[in-house]
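Q: Here's a structure for you.
Quick note: the coordinates plus some simple rules give every number you see, no bench work behind them. Small disclaimer: the values here were computed from a predicted structure and weren't measured. Cβ coordinates were reconstructed from backbone atoms using ideal geometry, including for glycine residues, and neighbour counts include every protein chain displayed.
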Amino acid sequence: AIGRLQFDSFADLIRGGVYPDGHPAGMQVMLWLWSRVVGTAAPLLRLPFTLLSAAAIPLIYSVGRRWYGRMAGLAAATVLAFSQYAVYYAMPVRPYGAGLFFVLLAVHFWTRICVEHRDGWGYVAGFALIAAACAYMHYFCALTVALLALAGLFVVGRGERRRYLGACFAAVLLFLPHLGITRH
């Protein structure tokens with residue numbers, strides 16, 4: 001990851017750092033910008049990924065509690081906190097832990113709109129932005145959110161349907177600039 005940060009311009013970063021990697025540009029761009037602030041020391045480069053992975057724990061608790069109750073949320077948070085997979089992928093500078101955080105955040109907004117039938121624009125905008133962030137983070141995150149969005153069509157209330165479809169459309173629009181990289 002450090003080797004793919006030594007670029008002077010954004011265009012060079014895309015050509016030399018994103019194209020050879022095969023992942024969407026979001027993680028690499030975030031890392032490049034972060035390295036401009038903190039340098040390239042490995043512990044400092046890992047910090048945002050570790051923090052996002054750790055932030056997934058209360059987020060999975062919140063989603064589990066809303067869907068199934070307090071004990072289910074607590075069980076999910078405990079499993080995530082002590083899962084070898086989650087702990088391992090919280091440390092490297094890769095999109096997996098951060099991707100988990102963004103997917104869970106998308107599920108949080110989706111739950112507010114589709115399950116709890118909250119009709120505030122903040123939830124709709126949050127879902128659109130986070131769904132796009134998922135697509136920029138990892139293609140599997142994009143697939144997960146796309147399936148989540150599809151499921152939402154079956155459960156969203158009539159009053160929220162237009163806003164929900166608008167959020168889905170906005171997420172797709174936000175990802176359009178990346179299509180050239182995706183195609184590559």
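Q: Sorted from largest to smallest, which semi-axis lengths in Å does the alpha carbon gyration tensor of the range 96-184 give for its equivalent ellipsoid, taking the root of 5 times each eigenvalue?
A: The equivalent ellipsoid of the range 96-184 has semi-axes of 22, 14, 10 Å.
Q: Sticking with this one: So if R0 is 45 Å, what FRET efficiency would residue 72 and residue 184 give, r being the distance between their Cβ atoms, rounded to the nearest 0.05?
A: Computed FRET efficiency for residue 72 and residue 184: 0.60.
Q: First measure r as the distance between the Cβ atoms of residue 154 and residue 174, then evaluate 1/(1 + (r/R0)^6) with R0 = 25 Å and state the FRET efficiency to the nearest 0.05.
A: 0.60
Q: Still on this structure, please answer the following. So what is the relative contact order of the range 66-184, in percent, for Cα pairs below 8 Å that sit 6 or more residues apart?
A: Numbers: 103 pairs, mean separation 29.4, N = 119.
Here the relative contact order equals 25 percent.
Q: Round to the nearest 0.05 the FRET efficiency obtained for residue 19 and residue 41 when R0 = 22 Å and r is the Cβ-Cβ distance. Before the final figure, lay out each step's value.
A: Details: r = 26 Å, r/R0 = 1.17.
Efficiency at R0 = 22 Å is approximately 0.30.
Q: Moving to a separate point now. What's the magnitude of the charge dipole for the range 1-136 around its Cα centre, counting Lys and Arg as +1 and Asp and Glu as -1 at the beta-carbon? Answer in Debye, nearest 20. It would help to have the intermediate numbers written out before the result.
A: Details: 10 positive and 5 negative charges, 60 e Å.
Using Cβ point charges on Lys, Arg, Asp and Glu, the range 1-136 gives about 280 debye.
Q: With θ set to phi - 60°, apply the Karplus curve 6.51 cos²θ - 1.76 cosθ + 1.60 along the range 177-184 and write out the HN-Hα couplings as whole Hz, x wherever there is a Gly or Pro.
A: Listing the rounded values in order: x, 8, 4, x, 5, 4, 4, 5 Hz.
Q: To the nearest 20 debye, what charge dipole does the range 91-184 have about its Cα centre, counting +1 at the Cβ of each Lys and Arg and -1 at the Cβ of each Asp and Glu? Walk me through the numbers on the way to the answer.
A: Values: 8 positive and 3 negative charges, 25 e Å.
Once rounded to the nearest 20, the dipole reads 120 debye.
Q: Pull out a ≥ b ≥ c, the square roots of the eigenvalues of the alpha-carbon gyration tensor of the chain, then state rounded if a/c is under 1.5, prolate if not and a/b is larger than b/c, and oblate in the remaining case.
A: oblate
Q: Over the alpha-carbon set of the range 30-86, work out the extent along each principal axis and list the three values in angstrom, largest first.
A: 43, 21, 11
Q: In addition: Once you sort the root eigenvalues of the Cα gyration tensor of the range 55-113 as a ≥ b ≥ c, which label holds: rounded (a/c under 1.5), prolate (a/b larger than b/c) or oblate (the other case)?
A: oblate
Q: Separation between the residue 85 and residue 7 pseudo-spin-labels, each 7 Å from Cα along Cα→Cβ, expressed in nm?
A: In this crude label model, residue 85 to residue 7 measures out at 3.1 nm.
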